[in-house]
Amino acid sequence: MSSKHAGKLKFYWIAFMTGIYTLWSCTQIIIGSYFVKNFRAFIDSIMSKWAKRLLNLIGVTTKVSGVKNFLHTEDRPVIIMCNHSSLYDIPITITALNASIRFVAKKELFKLPIFGSAIRKAEFPSIDRHNREQALIDLGNAKEKMLSGINLWMAPEGTRSKDGKLTKFKRGAFHVAIDTKALILPIVIKDIHKVQAGDDLRLFLNQEIEVEICKPVDAEQYDISKKKELIELVRNRMLRALGQE
């Protein structure tokens, strides 16, 4: 499948339709919260449609390997740790795993009109790492959601890589994993930087992207004193999958 650079008009069309799809999805979530009984399944369906629509706009298809490693058990919280190179990492993860996935949202996002209300109703957690007392409450809420079937998506790099190379991991995601005694599911999205990378808004269309689901890591076997070992294990597993050892 040959890629093609999106020209200016195509880019503006994609950006416009991305906004429309996101606004429509948020509106459905807000309205549905008053009428839909099986609300979480409703949210999952909305997010799946949103993700597929965004990927269809840029002609991206996914090829997934390692599906056997994704074994969600309701008695254990699960954190998906994904490499982060692109604005499309979350839609690709949602499409690849086909599960209840929420990402940790910044507090500021909850203040946005419509969008903030939608992610709050859709059970997106926010963890305040600057306020220990509030962080403990947030962690408890996040763990409760994970135990009820939600898979928490986190990017251990924190910011988007510009060239697809795995950058240094930040500690926050691993603090959450240790504090909630979660199973960490490392996944890698290969060559997504060739579609869109970092802060560069150029888009390259019509590509097949490989997603590899790695073997889970049990954070319950680690405490804060062994956090570096946990980070190194997860990082090496992702480096190996990306062929960047």
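Within the stretch 29-65, the residues that satisfy the criterion of being in contact with a strand residue (DSSP E or B) (Cβ under 8 Å, 6 or more places away or on another chain) and either farther than 19 Å from residue 100 by Cα or among the hydroxyl-bearing types (Ser, Thr, Tyr) (or both) are 58, 59, 60, 61, 62, 63, 65. Suppose the filter is surrounded by 21 or more Cβ atoms within 10 Å (Cβ to Cβ), under 18 Å from the mean Cα position of the chain (by Cα), at pLDDT below 85 and farther than 29 Å from residue 200 by Cα; does residue 142 pass it? Against the criterion (surrounded by 21 or more Cβ atoms within 10 Å (Cβ to Cβ), under 18 Å from the mean Cα position of the chain (by Cα), at pLDDT below 85 and farther than 29 Å from residue 200 by Cα), residue 142 qualifies. Checked against (1) part of a loop (DSSP other than H, G, I, E, B); (2) touching a helix residue (DSSP H, G or I) at 6+ places or on another chain (Cβ under 7 Å), residue 160 passes all but a single condition, namely (2). Would the stretch 86-96 turn up any residue that is part of a helix (DSSP H, G or I), within 21 Å of residue 160 (Cα to Cα), charged (D, E, K, R) and in contact with a strand residue (DSSP E or B) (Cβ under 8 Å, 6 or more places away or on another chain)? Within the stretch 86-96, one or more residues are part of a helix (DSSP H, G or I), within 21 Å of residue 160 (Cα to Cα), charged (D, E, K, R) and in contact with a strand residue (DSSP E or B) (Cβ under 8 Å, 6 or more places away or on another chain).
Among the residues of the stretch 1-24, those that are assigned to a helix (DSSP H, G or I) and either among the charged types (D, E, K, R) or within 22 Å of residue 148 (Cβ to Cβ) (or both) comprise 8, 10. The residue that is modelled with the lowest pLDDT, counting only those in the stretch 56-71 that are among the hydrophobic types (A, V, I, L, M, F, W, C) and surrounded by 15 or more Cβ atoms within 10 Å (Cβ to Cβ), is 70. Cβ-Cβ distances below 9 Å connect the following pairs, each with a first residue in the stretch 33-44 that is more than 13 Å from residue 123 (Cα to Cα), a second residue that is assigned to a helix (DSSP H, G or I) and not polar (S, T, N, Q), and a separation of six or more residues or different chains: 36/42; 36/43. Among the conditions (1) farther than 19 Å from residue 127 by Cα; (2) in a loop (DSSP other than H, G, I, E, B); (3) polar (S, T, N, Q), residue 236 misses just one, which is (2). Scanning the stretch 1-49 for residues that are hydroxyl-bearing (Ser, Thr, Tyr) and buried (at least 16 other Cβ atoms within 10 Å of the Cβ) returns 3, 18, 21, 22, 25, 33, 48.
May I ask you to say which residue of 173, 155 is in contact with a His (Cβ under 7 Å, 6 or more places away or on another chain) and among the aliphatic types (A, V, I, L, M)?
Numbers: 173 fails: in contact with a His (Cβ under 7 Å, 6 or more places away or on another chain).
From the options 173, 155, the qualifying one is 155.
Selection of the stretch 144-157 for residues being under 17 Å from residue 216 (Cβ atoms) and not in a strand (DSSP E or B) yields 146, 147, 149, 150, 156. Of all positions in the stretch 175-183, none carries a residue that is small (Gly, Ala, Ser), modelled with pLDDT under 95 and under 30 Å from residue 8 (Cα atoms).
Yes/no matrix, rows are residues, columns are (1) in contact with a strand residue (DSSP E or B) (Cβ under 7 Å, 6 or more places away or on another chain); (2) farther than 25 Å from residue 102 by Cβ; (3) modelled with pLDDT of 90 or more; (4) buried (at least 18 other Cβ atoms within 10 Å of the Cβ):
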| residue | (1), (2), (3), (4) |
| --- | --- |
| 162 | yes, yes, no, no |
| 172 | no, no, no, no |
| 185 | yes, no, yes, yes |
| 199 | no, no, no, no |
| 206 | yes, yes, yes, no |
| 214 | yes, no, yes, yes |
| 243 | no, yes, yes, no |
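The values are calculated or read from the model by the stated rules, or taken from the named source; none is laboratory data. Being a predicted model, the structure only gives us computed values, none of them experimental. Neighbour counts run over all protein chains shown; Cβ positions are idealised from the backbone, glycine included.
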